[in-house]
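The structure appears below as structure tokens.
The values are calculated or read from the model by the stated rules, or taken from the named source; none is laboratory data. Everything numeric in this text was worked out from a predicted model, so none of it was measured. Here the Cβ is made from the backbone with ideal geometry for all residues, glycine too, and neighbour counts use every protein chain on show. Heads up: the accessible areas ignore ligands, DNA and RNA and are worked out on the full protein's heavy atoms, side chains in. Shrake-Rupley method; radii C 1.70, N 1.55, O 1.52, S 1.80 Å.
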Amino acid sequence: MTILLLGADGQLGWHLRTELASLGPLRAVTRQGRGDDLACDLSLPGEVTALLQAHRPSLIVNAAAYTAVDAAETDEATATQVNGELPGLLGRLAAGWGGRVIHYSTDYVFDGQSRRPYRESDPVAPLNAYGRSKLAGEQALASSGADHVILRTAWVYSLRGRNFLTTMLRLAGERDHLRVVDDQFGCPTSASFIARATRRVAENEMHGKADASGVYHLVCGNQTTWHGFASAIMEGAARRNLLTAMPRVERVATSVYPTPARRPPYSVLDSHRFTSTFDFQMPDWRDELDRVLDAAER
């Protein structure tokens, strides 16, 4: 099975390189194409078409995305081009030779008004431009004619790049007092966990099991707030001697930090469909955070 990995230089792409490498020939795609990577500007449909036609992969894993949530409010056209139009193009091309597509979406397709974890069948109603662009990508891929798996995930973090974990660790070295939002609820989910779960999906495709096309929620188990996540990061980092001092983490309301893009106050996802389809268990988010911080300690 030939795999083409788009967005291979991002925090998720970095973990996917490792997890997918043993499944078959893997070609990583980045904008610059350094080393053995293939170069492609994913904002140019002509380049994307030429690349895919040249390689005709059995499986396309699309980890490329426009993720600047607030910037998308004033640049929705670019967000829609990358998040909304590219997945449809990938699907239409892959359908031409029987290829399959794995694509990632977001909890931000929901408005956050639910009082129970969101299921895949729940109505979507994004509050911001980023969420609208990701929903457009889901719809474009679903109607492309290709076999596909869309994985909605949330609150993604890792030890690489700019994300909540690395930001909190950096701020802990600069301040003795942090103020973190405590009225937004979600499921912290590590990029390494998403990559491990993606491998299970790819193995399903490789072994020719029943078609599992559709949308799945993929997040670690249980829920917390950004304040709860930040507090767990500080406690875990302190236990591993990753901090020189333990900052105080204060609870604040979302209104204290107004942002251009509205965030859903509740975006907890229900991952039972993924678990039952792919026989893959979701770790508690706290256990997964420990796993990630253990890697930092090494």
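If each DSSP helix of 4+ residues adds -39,500 (n - 2.57) and the sum is divided by the residues in the chain, what number results at 222 nm, nearest 500 deg cm²/dmol? Write out the running numbers ahead of the final one.
Values: 10 runs with 108 residues, N = 298.
Computed ellipticity for the chain at 222 nm equals -11000 deg cm²/dmol.
Toward the positive end of the charge dipole of the range 1-130, about the Cα centre and with charges on Cβ (Lys, Arg +1; Asp, Glu -1), which of 69, 80, 49 goes farthest?
Checked the options; the winner is 49.
When only Cα pairs under 8 Å and 6 or more residues apart are kept, what is the percent relative contact order across the chain?
Working: 603 pairs, mean separation 59.3, N = 298.
Relative contact order comes out at 20 percent.
Measure off, as a whole percent, the carbon and sulfur share of the 1.4 Å-probe accessible area of the range 70-216, all protein chains present.
On the way: 2700 of 5780 Å².
Carbon with sulfur: 47 percent of the solvent-accessible area.
Can you give the accessible area of residue 18 in Å² (nearest 10), computed on protein heavy atoms with a 1.4 Å probe?
Around 100 Å² of this residue is reachable by solvent.
Considering only protein heavy atoms, with the full assembly of protein chains and a 1.4 angstrom probe, order 168, 206 by accessible area, largest first. Each step should come with its number before you reach the end.
Values: 168 15, 206 70 Å².
My answer, sorted largest first, is 206, 168.
Once a ≥ b ≥ c are taken as the square roots of the eigenvalues of the Cα gyration tensor of the range 134-249, is the result rounded (a/c under 1.5), prolate (a/b larger than b/c) or oblate (a/b not larger than b/c)? Please list the in-between numbers first.
Values: a/c = 3.17, a/b = 2.32, b/c = 1.37.
It is prolate, given that a/c is not under 1.5 and a/b is the larger ratio.
Dipole size in debye (nearest 20) for the range 58-176 around its Cα centre, Lys and Arg Cβ +1, Asp and Glu Cβ -1? Could you put the intermediate results ahead of the total?
On the way: 12 positive and 13 negative charges, 72 e Å.
Here the size comes out at about 340 debye.
Report the Cα centroid-to-centroid distance between the range 1-75 and the range 170-189 in angstrom, as an integer.
For the range 1-75 versus the range 170-189, the Cα centre distance is 31 Å.
How would 274, 185, 164 line up by accessible area, probe 1.4 Å, largest first? Walk me through the numbers on the way to the answer.
Values: 274 0, 185 75, 164 45 Å².
Greatest to least solvent exposure: 185, 164, 274.
Leaving ligands and nucleic acids out of the surface, order 138, 174, 73, 203 by accessible area at 1.4 Å, largest first. Kindly include the intermediate steps, with their values, before the conclusion.
Numbers: 138 10, 174 115, 73 70, 203 45 Å².
Ranked from most to least accessible, the order is 174, 73, 203, 138.
Send over a whole-number figure in Å² for the accessible area per residue of the chain, probe 1.4 Å.
Values: 13130 Å² over 298 residues.
Averaged over the residues of the chain, the accessible area is 44 Å².
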